Amino acid sequence: MKSKLSFLALAIFFIVSSCQSNDTGTKPNVIIFLVDDMGWQDTSVPFWTQQTAFNRLYQTPNMERLAREGMKFTQAYACSVCSPTRVSLMTGMNAARHRVTNWTLRKDTQSVGDDNLLEQPKWNMNGMSPVEGIDNTALATPLPQLFKNAGYKTIHTGKAHLGAMETPASDPLTLGFDVNIAGHAAGAPGSYYGKNSFGNDNPQRTTWAVPGLEKYYGEDIYLSEALTLEAIDAVTSANEENQPFFLYMAHYAVHTPIQGDDRFLQKYIDQGIDSTEAKYASMVEGMDKSLGDIMNFLEQKNLDDNTIILFMSDNGGLSAVARGGERHTHNLPLSSGKGSAREGGIREPMIVKWPKKVRPNSMTDSYVIIEDFFPSVLEMAGIDGYKTVQEIDGISFVPILEGKDVANTRPLFWHYPNRWGPNGPGIGSTSAVRLGDWKLIYYHANRHFELFNLEADIGESQNLADTYPEELNKLAQILTDYLLEVDAQMPIDKSTGELVEYPAEILK
């Protein structure tokens with residue numbers, strides 16, 4: 001009798017264990033593959049109505065593969081610079097609300113000084129924070145923490161740039177990540193080359209030196225490759241532990257410094273293009289190889305059918321004249337680039353693969369914005385009932401992924417009461433709104449307006465502010481109402497010492 005009871009108890013144990021294992025296995029793995037400074041045209045995948053010369057220049061076969069297996073978003077948006085985008089992704093808040101409106105680095109320090117006309121507001125220059133009591137931060141419940149709470153192994157790989165030095169969020173482990181590979185406060189690598197120890201061999205660049213990759217120091221290996229190898233090792237561990245994983249694969253590429261990836265560089269040089277652009281193209285292809293290596297790994301481990309992949313860039317390509325005078329990418333037919341409220345600064349390449357949910361080789365013109373990722377990936381992972389300390393601005397794009405026709409009838413907002421540095425179209429302290437095909441940009445320094453119809457003029461070449469005063473007033477009021485609702489910060493006019501007026505106030 002005793003042996004029968006023991007056998008029964010053992011059988012129940014295995015049945016329960018099996019059920020628990022199967023339940024864990026049904027949780028989809030999630031990968032957010034975020035590229036830094038990659039423009040809308042920096043790929044062989046066209047995100048427009050036609051293929052362009054730039055699409056033919058770049059070689060990204062794995063982006064093509066991901067697009068064949070998933071859905072391509074032709075109108076996906078981020079902020080115009082990196083930290084605001086990354087904080088919006090991790091918090092679900094619009095930049096106007098979280099106030100991390102420019103890139104961060106040193107504690108309590110402006111990353112870029114004021115210009116002659118405007119004084120920047122006291123924005124959250126220390127980034128986001130998971131805990132209260134840190135000055136100049138956006139308090140939030142981070143996305144990876146919610147995944148961790150749901151039983152996921154959470155893995156950060158690459159660029160963090162979520163909190164200033166000496167603040168909690170400078171370390172991704174404080175944000176709910178179980179593993180941090182090479183993430184810290186800085187937003188660019190000291191070097192992409194292992195032979196230069198990723199910048200750690202230069203005492204004058206220690207702020208930018210990539211941490212935690214000592215095993216590759218002195219080796220002939222590119223940073224994108226090293227990060228990929230480490231990410232795959234971390235995912236392997238999660239798989240061996242029978243844990244679903246959330247991988248935030250945040251490449252430093254293709255941010256400056258422009259240092260060619262020798263695995264791919266020569267073929268671009270042989271095409272006779274500018275040497276800087278050739279280096280940049282090789283960096284793009286190296287990033288694409290990383291995507292392919294991860295997809296291959298998932299297939300080899302039979303994880304691909306249960307893994308969601310979301311591909312996105314954090315801002316537009318650096319196509320305006322960069323510091324040092326070099327131009328290394330193009331966003332045409334979009335206007336301008338990184339740092340700009342024009343389309344070249346905020347419209348990004350985006351692809352989502354969701355096996356058995358998203359129709360392969362599909363495409364949508366429904367627009368989305370970076371804060372939408374927060375509620376979307378949680379819904380895709382089946383994580384509900386969660387609570388956050390912050391108010392969520394993002395709206396789930398799951399209905400779009402499920403094939404529903406979602407009209408572009410909600411307004412999208414951008415707010416950048418800061419100075420970035422370079423000059424160019426749409427660059428400077430601005431607020432902007434898009435509603436349907438119409439887009440309004442409000443320039444804080446001179447209270448100037450630009451109104452564009454993007455359906456008719458994707459290159460934003462014709463300012464219609466004087467031609468369509470009703471549309472101008474309507475969008476200015478919508479933008480003003482939102483800025484007031486979230487208590488958005490406005491810069492100070494140095495000539496008067498007063499806050500810059502909200503857009504609708506100028507038109508009264």
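The values are calculated or read from the model by the stated rules, or taken from the named source; none is laboratory data. These numbers were taken from a predicted model, which means no experiment stands behind them. For neighbour counting, all protein chains shown are included, and Cβ atoms are generated from backbone atoms with ideal geometry for every residue, glycine included.
Remarks
- Of the residues Asp314, Asp365, the single one that is in contact with a Cys (Cβ under 6 Å, 6 or more places away or on another chain) and either in contact (Cβ under 8 Å) with a residue 60 or more places away in the chain or within 22 Å of Thr60 (Cβ to Cβ) (or both) is Asp314.
- Here Asp487 fulfils each of the conditions (1) in contact with a helix residue (DSSP H, G or I) (Cβ under 7 Å, 6 or more places away or on another chain); (2) on the phi > 0 side of the Ramachandran plot apart from (1).
- Number of the exception - Ile383 against (1) in contact with a Lys or Arg (Cβ under 8 Å, 6 or more places away or on another chain); (2) of a type in the set (A, V, I, L, M); (3) within 21 Å of Leu247 (Cβ to Cβ): (1)
- When every residue of the stretch 172-181 is checked against the conditions, none turns out to be among the charged types (D, E, K, R), in contact with a Phe, Trp or Tyr (Cβ under 6 Å, 6 or more places away or on another chain) and in a loop (DSSP other than H, G, I, E, B).
- Test for Val235: is it in contact with a strand residue (DSSP E or B) (Cβ under 7 Å, 6 or more places away or on another chain) and of a type in the set (A, V, I, L, M): yes
- Among the residues examined, Ser191 does not qualify as of a type in the set (S, T, N, Q), buried (at least 19 other Cβ atoms within 10 Å of the Cβ) and out of contact with any helix residue (DSSP H, G or I) (no Cβ under 6 Å at 6 or more places or on another chain).
- With respect to being hydroxyl-bearing (Ser, Thr, Tyr) and free of Cβ contacts under 8 Å to residues at least 24 places away in the same chain, Tyr442 falls outside the description.
- Residues within the stretch 212-226 that are assigned to a helix (DSSP H, G or I) and under 15 Å from Tyr252 (Cα atoms), tallied: 4
- Looking only at residues in the stretch 477-508 that are of a type in the set (Val, Ile, Thr) and surrounded by 11 or more Cβ atoms within 10 Å (Cβ to Cβ), the one that is farthest from Tyr442 (Cα to Cα) is Val486.
- Checked against (1) touching a Lys or Arg at 6+ places or on another chain (Cβ under 9 Å); (2) at pLDDT 95 or above; (3) among the polar types (S, T, N, Q); (4) surrounded by 18 or more Cβ atoms within 10 Å (Cβ to Cβ), Ser313 passes all but condition (1).
- Pairs meeting the criteria (first residue in the stretch 250-278 and over 23 Å from Met312 (Cβ atoms), second residue among the polar types (S, T, N, Q) and part of a helix (DSSP H, G or I), beta carbons under 6 Å, at least 6 apart or on different chains) are Gly260/Ser282; Leu265/Ser282; Tyr268/Ser282.
- In the set Leu247, Leu229, only one residue is surrounded by fewer than 24 Cβ atoms within 10 Å (Cβ to Cβ), in contact with a helix residue (DSSP H, G or I) (Cβ under 9 Å, 6 or more places away or on another chain) and modelled with pLDDT of 95 or more; that residue is Leu229.
- Candidate set from the stretch 261-303 (those that are in a loop (DSSP other than H, G, I, E, B) and among the hydrophobic types (A, V, I, L, M, F, W, C)); member that is nearest to Glu225 (Cα to Cα): Phe264
- Extreme residue, surrounded by the fewest Cβ atoms within 10 Å (Cβ to Cβ), among residues of the stretch 357-396 that are touching a Phe, Trp or Tyr at 6+ places or on another chain (Cβ under 8 Å) and in a loop (DSSP other than H, G, I, E, B): Ser366
- Residue that is nearest to Arg447 (Cα to Cα), among those in the stretch 105-130 that are touching a residue at least 60 places away in the same chain (Cβ under 8 Å) and not in a loop (DSSP other than H, G, I, E, B): Leu118
- Screening Arg205 on (1) within 27 Å of Leu265 (Cβ to Cβ); (2) modelled with pLDDT of 95 or more shows it passes everything except condition (2).
- Flag not set for His156, criterion: part of a loop (DSSP other than H, G, I, E, B) and either modelled with pLDDT of 95 or more or crowded, with 24+ Cβ neighbours inside 10 Å (or both).
- Qualifying residue in the stretch 173-186 (condition: more than 21 Å from the chain's Cα centre (by Cα) and either assigned by TED's automatic domain parsing to the domain that holds Val87 or under 30 Å from Lys122 (Cβ atoms) (or both)): no
- Qualifying residue in the stretch 291-303 (condition: at pLDDT 95 or above, surrounded by 24 or more Cβ atoms within 10 Å (Cβ to Cβ), outside the structural domain of Ser431 (by TED's automatic domain parsing) and not β-branched (Val, Ile, Thr)): yes
- Residue in the stretch 338-373 that is nearest to Trp48 (Cα to Cα), counting only those that are touching a Gly at 6+ places or on another chain (Cβ under 7 Å) and of a type in the set (Gly, Ala, Ser): Gly344
- Summed over the stretch 24-54, the residues that are over 28 Å from Pro84 (Cβ atoms) and under 20 Å from the mean Cα position of the chain (by Cα) give a count of 1.
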